[in-house]
Amino acid sequence: MEQEKLLSIRRLTVDYQSGKTNVHAVRNLSLDVGMGETLGFVGETGAGKTTTALSILRILPEITARVRSGEIFLEGEDLMRKSKREMRGIRGGQIAMIFQDPMTSLDPVVSVGKQIEEMIRLHTDLPRDEVKKHAEKMLELVGIRAERFQDYPHQFSGGMKQRVMIAIALSCSPKLLIADEPTTALDVTIQAQVLELMKELKVKYRTSMILITHDLGVVAEICDKIAIMYAGNIVEYGTAEEIYNRHRHPYTQALFDSLPDIDADQERLKVIPGVTPDPTNLPAGCAFHPRCAYACGACAEREPEPVWLSKTHYVRCVRCKGGELP
């Protein structure tokens, strides 16, 4: 039985205008997120991961960003056709986001409890006397004592601030949670605690999640499906097991090769040759071909279409036929 879709993106293209120059941030991107599913977005800086997330919420900068084409459906409703007022109701209520740096996301002059209360008042019909109780419950749910309700963000550590952000994001039981590198600024021990907390709360609230990260270890720990992004598009997509054990795109292979192996006697880590392409002047054909060990003439001539290796796994590579690279 096919999993019911919560989010569907179809052929999304987003550019940023910089003077007279177009920055191609997202190109012809399509993906689905199922009910209760966690999708991991993996790729180098500038691959288009955050731009895709901001497009879903429709909070791209209005002056510089342009959605050239595409549709984004949440439970069959096209978010691109919603008014600004309708989107304000959807943000926080149906879709919530945890940003990378909690210090810049929290208001420094408002107590953390009041900030949770504000989200609850905006998106629920709870009576006034129930709002504070629910906010205190959310604090305790993320491991913060209710007595700290009146404390301010500067009185919390980085890991505790990220817990507050999770409490705010989940306070209205959203259908979709977008987490943009939520553990980047945290030490390893706190990272593990925050990820475990997110996994538990995702199950408790039956929330779907998009996790944006550079960390393949984090993806293995928490994600059901994985999308490997490069130069604004998904080059490989599949279940976690397929991506880790049966990946086929040369870029995916290069990412795994660059991971340190504690069992190997290595003096130097492997690196991907070359640099990421200039988003204002992308190469013709496959954007990865200038760095690819398998590149041939056809790679520079046309952009590859998805080659489906299973019902859940595809790869964009002109040389990947029958699921094998030469």
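No other residue among Arg291, Arg268 is modelled with pLDDT under 90 and charged (D, E, K, R) apart from Arg268. In the condition set (1) out of contact with any Ser or Thr (no Cβ under 9 Å at 6 or more places or on another chain); (2) under 24 Å from Thr124 (Cβ atoms); (3) hydrophobic (A, V, I, L, M, F, W, C), Leu170 is compliant with all but (1). May I ask you to list the residues in the stretch 150-178 that are at pLDDT below 90 and hydroxyl-bearing (Ser, Thr, Tyr)? Residues satisfying the conditions are Ser157, Ser171, Ser173. Here the stretch 213-238 is the region considered, the condition is being modelled with pLDDT of 90 or more and hydroxyl-bearing (Ser, Thr, Tyr), and the residue that is farthest from Glu303 (Cα to Cα) is Tyr237. Residue count for the stretch 177-194 under the criterion of being within 15 Å of the chain's Cα centre (by Cα) and surrounded by fewer than 21 Cβ atoms within 10 Å (Cβ to Cβ): the result is 3.
Here's the yes/no breakdown for (1) in contact with a helix residue (DSSP H, G or I) (Cβ under 8 Å, 6 or more places away or on another chain); (2) among the hydroxyl-bearing types (Ser, Thr, Tyr); (3) within 20 Å of His247 (Cβ to Cβ):
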site: Gly285; (1), (2), (3): yes, no, no
site: Pro290; (1), (2), (3): no, no, no
site: Tyr294; (1), (2), (3): yes, yes, yes
site: Cys299; (1), (2), (3): yes, no, yes
site: Pro304; (1), (2), (3): no, no, yes
site: Val307; (1), (2), (3): no, no, yes
site: Tyr314; (1), (2), (3): no, yes, yes
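Filter the stretch 203-223 for residues that are β-branched (Val, Ile, Thr), outside any strand (DSSP E or B) and under 12 Å from the mean Cα position of the chain (by Cα) and give the result. Across the stretch 203-223, the qualifying residue is only Val219.
Among the conditions (1) touching a His at 6+ places or on another chain (Cβ under 7 Å); (2) crowded, with 20+ Cβ neighbours inside 10 Å; (3) without any contact (Cβ under 8 Å) to a residue 60 or more places away in the chain, the only one that Leu126 does not satisfy is (2). Can you tell me how many residues in the stretch 247-276 are under 25 Å from the mean Cα position of the chain (by Cα) and over 26 Å from Lys225 (Cα atoms)? Qualifying residue count, the stretch 247-276: 1. You will find that of Glu200, Glu147, the residue that is part of a helix (DSSP H, G or I), modelled with pLDDT of 90 or more and surrounded by fewer than 16 Cβ atoms within 10 Å (Cβ to Cβ) is Glu147 and no other. Screening Gln162 against (1) polar (S, T, N, Q); (2) buried (at least 19 other Cβ atoms within 10 Å of the Cβ); (3) within 26 Å of Thr252 (Cβ to Cβ) leaves a single unmet condition, (3). One residue stands out in the stretch 224-249 among those that are touching a His at 6+ places or on another chain (Cβ under 6 Å) and in a strand (DSSP E or B): the one that is nearest to Cys286 (Cα to Cα), namely Val235.
The values are calculated or read from the model by the stated rules, or taken from the named source; none is laboratory data. Everything quoted here is computed from the prediction, not taken from an experiment. Using ideal geometry, Cβ is built from the backbone for each residue, glycine included, and neighbour counts are taken over all protein chains shown.
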